[in-house]
Amino acid sequence: KQGEAIRHFETLISQQEGMVPQPSHAQTYLFLGNMHQQMGNHAKAAEVWEAGLAMFPDQAELLEQLANAVDE
């Protein structure tokens, strides 16, 4: 089911990129990155969190996840 959830979150990010950025959109990047991390795809997780930070540079949870990924 995680693969299906990842596809849904990727679709959601694509849709959100066409909208005015809302602070709540950062959660989409956080959750998608977390799912990749749980599946063992650490590079993809970091890529997703970095993309989220590019749009939401002050989002503390994304910063924290990325910092933790670098430490591993």
Which label belongs to the value computed from this structure, given these candidates for Rg and Dmax of the Cα atoms in Å: (i) 15.6, 52; (ii) 14.9, 60; (iii) 11.5, 34? (iii)
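Which value, in debye to the nearest 20, describes the size of the charge dipole of the chain about its Cα centre when Lys and Arg Cβ atoms bear +1, Asp and Glu Cβ atoms bear -1, and nothing else is charged?
280
Tell me, what is the per residue accessible area of the chain in Å², probe radius 1.4 Å?
With all protein chains present, the chain gives 63 Å² per residue.
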So if each residue of separation counts as 0.36 nm, and I subtract the Cα-Cα distance between Asp58 and Thr11, what length gain in nm does that give? 14.6 nm
Between Asn68 and Ala43, what length in nm is gained on full extension when 0.36 nm per residue of separation is reduced by their alpha carbon distance? 7.7 nm
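The values are calculated or read from the model by the stated rules, or taken from the named source; none is laboratory data. Remember, it's a predicted structure, so these values are computed and weren't measured experimentally. Ideal geometry is used to build each Cβ from the backbone, glycine not excepted, and the neighbour counts take in all protein chains shown. To get the accessible areas, we keep the full protein, side chains included, count just its heavy atoms, and leave off ligands, DNA and RNA. Shrake-Rupley method; radii C 1.70, N 1.55, O 1.52, S 1.80 Å.
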